[in-house]
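Structure first, commentary second.
The values are calculated or read from the model by the stated rules, or taken from the named source; none is laboratory data. None of the values given here were measured: they were computed from a predicted structure. Note that each Cβ is placed from the backbone with ideal geometry, even for glycine, and that neighbours are counted across all protein chains shown. In case anyone asks, the SASA skips ligands and DNA or RNA and just uses the protein heavy atoms, side chains included. Shrake-Rupley method; radii C 1.70, N 1.55, O 1.52, S 1.80 Å.
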Amino acid sequence: MARVDLRNDANVTGDWFVDTRCIDCGTCREIAPALFAAHYDASVVQRQPDGTEELDAWLAAQACPTSSIGTVSRRRRPGRLYPREIQPESGIFDLGYCSEDSFGASAWLVVRPHGNVLVDSPRFTEALVGPIAALGGVRHVALTHRDDVADAHRWAERFDATTWIHSADHSAAPWATGVLTDEHELQPGFVAIPVPGHTKGSVAFLVDDRWLFTGDSLAWSNDHHDLTAFRSACWFSWREQADSLAKLAEHHRFAAVLPGHGARHLGDADELHDRLVQLVARMRR
Ligand code: SF4
């Protein structure tokens with residue numbers, strides 16, 4: 001629960017606020033960019049939500065890894081908001097409940113006929129266990145890279161799932177028995193694609209040649225309305241990250257980018273291919 005006694009003075013006047021425990025993960029700003037803004041090393045409410053925006057504020061509050069978003073009046077949450085299917089009939093669910101251990105990275109549930117896949121890990125909470133079980137549980141836990149492991153072991157244990165991670169990042173999830181080295185189809189239509197760069201063992205997961213889970217290797221920028229990559233948060237090799245994304249553009253097509261950090265984008269395969277080629281060119285300058 002957000003703490004009124006720690007309310008950041010930089011919040012705009014009104015009921016909604018962010019407290020000073022915020023770790024500046026940016027998740028709320030991606031979910032509700034009209035309501036939350038960066039202020040030095042934190043997020044604050046820049047505009048109070050009107051009626052139709054209240055849901056976005058609640059979605060941000062329920063995703064916030066430090067539970068820093070709330071209302072002075074202590075309004076009751078409008079029930080369970082996650083898992084939240086990002087498009088009707090897509091089978092792709094945003095899980096909210098981000099973990100501080102992954103610096104607030106988004107995690108996803110992909111509902112599949114051959115067994116559901118958890119992509120990266122939300123924090124382990126009973127608020128998600130029941131709904132995920134109702135959706136069919138978890139057969140695989142697919143980790144995009146070492147930074148986003150969070151509570152993956154608890155999810156894998158709870159649902160008796162196989163955990164997958166690239167060999168170069170395996171030390172972050174030593175219990176994982178699915179160790180990736182090359183491109184690999186985890187199940188029909190669900191492909192792991194190594195994209196070294198952000199970390200040595202970064203992997204993207206491509207589902208049905210449409211949905212691309214990118215971890216921290218590739219994201220959408222709401223500010224620039226374009227694909228982006230995070231040079232200041234590249235822990236292994238920027239040059240290799242550019243090469244990995246170039247290979248991705250050369251060999252694969254996708255129409256949606258679903259990252260750990262940064263904004264998500266549902267678009268068009270041709271558009272995203274062209275944008276990715278242009279991003280690689282910018283990265284190599
Ligand atoms: S989601 Fe929470 S921790 Fe992350 S920037 Fe927003 S208020 Fe801060």
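At a 1.4 Å probe radius, which order do I92, I86 fall into by accessible area, largest first?
Result, largest first: I86, I92.
Once amide H atoms are built 1.01 Å from N in the peptide plane, which residues 5 or more positions from L180, or in another chain, come under 5 Å H to H?
So L180 has HN proximity to I165, H166, S167.
Could you sort Y40, Y97 by their accessible area in this structure, using a 1.4 Å probe and putting the largest first? It would help to have the intermediate numbers written out before the result.
Details: Y40 195, Y97 15 Å².
From most accessible down to least: Y40, Y97.
For the range 84-283, what is the accessible area per residue in Å² when the probe is 1.4 Å?
I get 40 Å² per residue for the range 84-283.
Could you list which residues have their amide H under 5 Å from that of V141, counting only those 5 or more apart in sequence or on another chain, with H placed in the peptide plane?
When sequence neighbours closer than 5 places are left aside, the close amide H contacts are L118, T162, T163, W164.
Report the charge-dipole magnitude of the range 84-283 in Debye, nearest 20, computed about the Cα centre from +1 at each Lys and Arg Cβ and -1 at each Asp and Glu Cβ. Could you put the intermediate results ahead of the total?
Working: 16 positive and 28 negative charges, 43 e Å.
Dipole magnitude for the range 84-283 comes out near 200 debye.
Among T13, T27, G70, whose Cα projects farthest towards the positive end of the dipole of the range 1-91, with charges put on the beta-carbon of Lys, Arg (+1) and Asp, Glu (-1)?
Result: G70, furthest along the dipole toward the positive end.
With all protein chains present and a 1.4 Å probe, how do H184, H225, H140 order by accessible area, largest first? Please list the in-between numbers first.
Working: H184 75, H225 120, H140 25 Å².
Highest to lowest solvent-accessible surface, that is H225, H184, H140.
If you project the alpha carbons of the range 153-285 onto their three principal axes, what span does each projection cover, largest first, in Å?
Cα spread of the range 153-285 along its principal axes, largest to smallest: 41, 29, 26 Å.
What net charge is computed for the residues neighbouring S202, neighbours being all others with C-beta under 15 Å from the C-beta of S202, Lys and Arg scored +1, Asp and Glu -1?
Every neighbour counted, the sum reads -4.
State, to one decimal in nm², a quarter of the convex hull surface area for the C-alpha atoms of the chain, i.e. the direction-averaged projected area.
Projected area, direction-averaged: 14.3 nm².
Consider a paramagnetic label point 7 Å from the Cα of S73 along Cα→Cβ; state which residues of the range 1-39 have an amide N under 13 Å from it.
Residues 14-17 fall inside that zone.
Over the range 84-283, what percent of the accessible surface lies on carbon and sulfur atoms, probe 1.4 Å?
Of all accessible area on the range 84-283, carbon and sulfur atoms account for 47 percent.
Spin-label point model (7 Å from Cα, Cβ direction): what's the L55 to L135 distance in nm?
In this crude spin-label approximation the distance works out to 1.7 nm.
What is the local net charge at A133, summed over the other residues whose Cβ is closer than 13 Å to its Cβ (Lys, Arg +1; Asp, Glu -1)? The partial results should precede the final answer.
Working: positive: R139, R158; negative: E126, D160.
Overall, the nearby charge balance is 0.
Once you keep just the Cα pairs under 8 angstrom separated by 6 or more residues, what percentage relative contact order results for the chain?
Values: 642 pairs, mean separation 32.0, N = 285.
Once normalised by length, the contact order is 11 percent.
Can you give the helix-only mean residue ellipticity at 222 nm for the chain, where every DSSP H stretch with n ≥ 4 adds -39500 (n - 2.57) and the sum goes over all residues, rounded to the nearest 500 deg cm²/dmol?
-6500 deg cm²/dmol
Could you compute the net charge surrounding L180? Neighbours are other residues with a C-beta less than 15 Å from the C-beta of L180; K and R count +1, D and E count -1.
-4
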